[in-house]
Every structure is written in structure tokens, then in C-alpha cells.
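In what follows, a single structure is set out as C-alpha cells and then discussed.
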Amino acid sequence: MALYEFISVLPGVQETPCPAKTVSFNRTTVHGCDDDGQEMLPHLNATLPTIEAFFPELQVALLRISLHRPGSRALKKDWRISRLNDMTVEMSFRYVPGSARHARNAVRVLAHELAHVAYKSRINQTESEEYFAAVAESCVEYSVFRSTTGYAFEADVEGSISDDFDDAQRHSAMEAKRAYRTVREFAGNDGKVHLPNPAFAAFCTATLSPEAA
């Protein structure tokens, strides 16, 4: 049994009422405005088996996702006690209809957070936890969307690290930048890593699933 926590914090104001819809398929349920859930559902369904292939110790029994339009507020905090092969995951994401960047960001964040769970269950890790999770973002995005630039939004990896960050935030930001630089080594002239890229796939396996490498 394991204790794990997922926290989703989306700053903003009270959400403007919209025609809400909930869609489900297999293990995934998505709630959002209009057809937002229907747009995200295929990406999320593809994400779970990809994550579980990299982290075979994890198995998500139920994934519940809430999508929120820009400017709306959301706070979701969820403690769970379960076996890692029978997890329930609930998270909230920002979403703009038709936005590939927001879709990719949701997949990356989901991969990042589940990578933390997998990391803590392993011993003798050679890389830092934040680097491991940041690499997982790009490897899962590459598999789901058939490409990755190493980020969803440029601000995630560009610019300076804020002086207002605490030590944990600073470390996380530095390791995200390090992971981004590593991913860029595999990119083509357009700045993207496109599938198939055997060298990048081998890097992902060696970093995230070394026992399978």
C-alpha cells in the first residue's frame, strides 16, 4: 500500500457558468465546458498506457480530470491510500478549446506527477527526482503526440528563475531547464523531436525504465 497526494491549483476567479459535459471512456472521465472533455479524452486515453509502459509499477484504475477555461479558479487536493497498481488519480487542468499547447501541457503535467510517484517507489536512482519527472514529461508527450519540443509553453524553460522562488521551486526550475537542454540534443532543425527517433526513444527508456534498457 502507498500514500500519495495530487494537488491542482489554478489561480483565478470564480468560474463563469458554461454548458458542462462529462465524457468517459475506459478508465478516463473528463468534465469540462462544451466539448472540451471530448477533445481531451483521446489524448488522456493514450497517455495512461504510455505512462504505465515507462513505469510498470503503476497502474491507474480510474483517472478523473476537470478542465477549466482561462481565468477560472480551481483547487483540488486529494490524498489516496491504495496499491500502486490500483490508483485513482484526480487532477484539474487549464484548457482552451482547440489548443494543442493546452492539450500537451495536460499530458505533460499528468506524466510529471505520476513520475514522482514512481520515483519514490524505486531505490538506487541515479538522477534527481525533478529531472526524472521533467524528462518523463517530454518522453510521454513524444509518444502521445508523436513529437516534443521539451516544453508546452516557452515560459516553462526560458527566462531567468525568479528571486521569489524558495529552494524547492528553484531546484525544480533548474532541473526542468536541464531536462529541456537534454531533450533539445535530439531535436531536428525545427526544434522538435519527431517520432520515430530511435536515439530519443532509447534515452527515454534508459532514463525512466533502466531495467528494460
So, with points 7 Å from each Cα along the Cβ direction, the Trp79-Ala100 label distance in nm works out to 4.2
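Kindly provide the helix-only [θ] at 222 nm of the chain, computed as the sum of -39,500 (n - 2.57) over DSSP H runs of four or more divided by all residues, to the nearest 500 deg cm²/dmol?
The helix contribution divided over the chain gives -13500 deg cm²/dmol.
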Rounded, prolate or oblate, given the Cα gyration tensor of region 111-189, with a/c below 1.5 counting as rounded? oblate
Need the list of lysines near Lys21 for cross-linking: C-alpha distance under 20 angstrom, and skip anything on the same chain fewer than eight residues off. Lys76
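Pick out, in residue order, every one of the trypsin sites (Lys or Arg not before Pro) in region 43-76 that is DSSP loop and has at most 15 other C-beta atoms within 10 Å; say none if there are none. Walk me through the intermediate numbers first.
Values: sites: Arg64, Arg73, Lys76; in loops: Arg73.
In loop regions of region 43-76 (DSSP not H, G, I, E or B), the sparsely surrounded trypsin sites (Lys or Arg not before Pro) are Arg73.
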Neighbours of Ala152 by Cβ distance under 12 Å: Lys/Arg at +1, Asp/Glu at -1, summed charge 0
Would you mind calculating the relative contact order of the chain from Cα pairs under 8 angstrom and at least 6 residues apart, reporting the percent as a whole number? 19
How large is the convex hull of the C-alpha atoms of region 1-81 per residue, in Å³? 102
Multiply the residue separation of Ala61 and Asp86 by 0.36 nm, subtract the distance between their alpha-carbon atoms, and state the gained length in nm to one decimal. 8.5 nm
With viscosity set to 0.692 mPa s at 37 °C, what whole-number translational diffusion coefficient in µm²/s follows for region 159-213 from Stokes-Einstein and a Kirkwood radius over Cα pairs? 251
Largest first and to the nearest Å, give the Cα extent of the chain along each principal axis. 46, 40, 38
Tell me, Asp166, Asp36 in order of fewest to most beta-carbon neighbours within 10 Å? Asp166, Asp36
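Computed from the coordinates by the stated procedures, all read-outs in this text should not be read as laboratory data. Remember, it's a predicted structure, so these values are computed and weren't measured experimentally. As a convention, Cβ positions derive from the backbone with ideal geometry for all residues, glycine included, and neighbour counts pool all protein chains shown.
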